[in-house]
Amino acid sequence: MSQDPKADKLWGGRFSEATDEFVERFTASVTFDKRLYRADIAGSIAHATMLAKQDILTTEESEKIIQGLGQIKDEIEAGSFQWSVSLEDVHMNIEAALTKKIGDVGKKLHTGRSRNDQVATDIRLFMRDGIDTVSVAIRQVQKGIIGLAEKETETIMPGFTHLQTAQPVSFAHHLMAWFEMLQRDYDRMQDCRKRVNVSPLGAAALAGTSFPIDRNMTAELLGFDKPAANSLDAVSDRDFAIEFCAAASLLMTHLSRISEELVIWTSAQFDFIELPDRFCTGSSIMPQKKNPDVPELVRGKSGRVYGHLVSLLTLMKSQPLAYNKDNQEDKEPLFDTLDTINDCLKAFADMIPAIKAKKESMRTAALKGFSTATDLADYLVRQGMAFRDAHEVVGKAVSYGVEKNKDLAAMSLEELQVFSPEIKQDVFSVLSLEGSLNARNHIGGTAPAQVRLAIEAAKKVIK
Ligand code: ARG
């Protein structure tokens, strides 16, 4: 450092003593916001291009700046760039390096701009990329689900309510429920992207700038849909980041629900599926164990994502207009949310196509627990009985079955007729698992024919 202890600060002019060493470290963000370097340089290039077009800088000055920024980007990517905590953040690190590289003309880059609109621009560019990556990752998982579902339309498992056997369903139907949840997550991300993709550049510190800037031009150069309409709002609000974390939280809710089912299904008690060894680990003491670590971890990671949502909500709450330093705290939760959901989606994209359905085991389970009891009640209604009466009749038959340890389909016609003389020989096709599934042949129902239609529709959606 030079003799003047505040000499390296880009804002040192009005200060007479150096920043306290602790305060310097406490207020710095470069250790984490350097991740924004690509967005920061892209924003600066757009700004410099616009300054030249508006005759605020000469073409020569602008070109020199743009060239210097390009070299800095290469250095950062090569790992040779020297980040300095005393330069506080990614913006001032890059700007200082630029001036060092190209001389005093580098100091002109910040004309008509502030770090406040700069950082807001950077985060939005960064997040737009992030949302695009997440969207592709969601699609990958959805493709995996469709691939597995196509093989399992005729596979029958018990469907549950209250985790008690309810009615038989096609395994593919269950899988396609996951597809639908993820489709809403995808749509939420796309919707959030619209509000992310607005340009704060030109809002400057808070009130705009006295230079004749062209905000439409910078917005267009950076691929934004439009410039933000109000400068105070543009530099201060992080609602788009909160919205992203909310969408990410719902996504994690869905992944945790799917994870929970995978964990349950791989247990010896259920034994519905097998996960390949590469997604599991063993126990250091119990030799028989094969633990479903990957879904368990995804389930657990939902906690940190919800935490980040609450962090950002709390960070934003009660902030007066316009920019406040509080906002520097938006980055770590945001980055970690993005990394976490990308990792979880990657794990799922790899794991789902590798799931092996244990068809016999599912079928055996579906045959237990009187899963076709509703079908018998519906049968009696078709014979003219009121549904409530039919419900009562079947309830008694089930109670008899529990006592005799006999499913409805395993009872003889004589046994069934004790409960209602309306029951005839044709009841047995209704009581079969296949009969139960095929009967639910309407939009959104579990009949394999409908599930195949749902799969075809889903393929079109993700195309
Ligand atoms: N590192 C800061 C942030 O992340 C950049 C903006 C700083 N602006 C300011 N006026 N101190 O928010």
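Each reported figure results from applying straightforward, stated rules to the coordinates on display, with no laboratory input. A quick note: this is a predicted structure, and the numbers were derived from the prediction, not measured. So basically every Cβ, Gly included, is an ideal-geometry build from the backbone, and we count neighbours across all protein chains shown.
Here are a few things to note about the model shown:
- Scoring 300-310, 362-372, 275-285 by mean Cβ neighbours within 10 Å over their residues and listing the highest first yields 362-372, 300-310, 275-285.
- Helix axis angle, 37-53 relative to the chain longest principal axis, alpha carbon, degrees: 50
- Interchain or long-range residues, amide H under 5 Å from Leu57's placed H: Ala52
- Of Leu125, Gly106, Leu297, farthest towards positive along the dipole that unit charges on Lys, Arg, Asp, Glu beta carbons give the chain: Leu297
- Net charge dipole size for the chain [Lys, Arg +1 and Asp, Glu -1 on Cβ; Debye, nearest 20]: 520
- Between amide H atoms placed 1.01 Å from N, distances below 5 Å from Thr281 occur with Asn291, Asp293, all of them 5 or more places distant or on a separate chain.
- Karplus-based coupling profile of the stretch 296-311, in residue order and whole Hz: 4, 5, 4, 4, x, 5, 4, x, 5, 5, 4, x, 5, 4, 5, 4, with θ = phi - 60° in 6.51 cos²θ - 1.76 cosθ + 1.60 and x standing for Gly or Pro.
- Degrees between helix 331-351 axis and first principal axis of the chain (Cα, 0 to 90, nearest 10): 40
- 0 to 90° range, to nearest 10: angle between helix 90-102 axis and the chain longest Cα axis: 40
- A cut-off of 5 Å between modelled amide H atoms, ignoring neighbours fewer than 5 places along the same chain, links Ser420 with no other residue.
- Using the Karplus relation 6.51 cos²θ - 1.76 cosθ + 1.60 with θ = phi - 60°, the per-residue 3J(HN,Hα) values for the stretch 436-450 come to 4, 5, 4, 5, 8, 9, 8, 3, x, x, 8, 4, x, 4, 5 Hz, with x marking Gly and Pro.
- For the stretch 391-457 versus the stretch 46-81, the spacing of their alpha-carbon centroids is 73 Å.
- Shape call, the chain: gyration tensor on alpha carbons, a/c limit 1.5: prolate
- Estimated from the Cβ-Cβ distance and a Förster radius of 41 angstrom, the FRET efficiency linking Asn342 and Lys53 is about 0.65.
- Per residue of the chain, the DSSP helices (runs of n ≥ 4 H) give a summed -39500 (n - 2.57) that works out to -19500 deg cm²/dmol at 222 nm.
- Each residue of the stretch 251-265 was assigned a 3J(HN,Hα) from its phi angle through the Karplus expression (A = 6.51, B = -1.76, C = 1.60, θ = phi - 60°), giving 4, 5, 4, 5, 5, 6, 5, 5, 4, 4, 5, 5, 4, 5, 5 Hz with x at Gly and Pro.
- In straight-distance terms, cross-link reach from Lys301 covers every one of the aspartates and glutamates whose alpha-carbon lies under 14 Å from its own, apart from those fewer than eight places away in the same chain; here that gives Glu260, Asp293, Asp336, Asp339, Asp343.
- The lysines whose alpha-carbon is closer than 16 Å to the alpha-carbon of Lys226, local same-chain residues fewer than 8 away aside, are Lys194.
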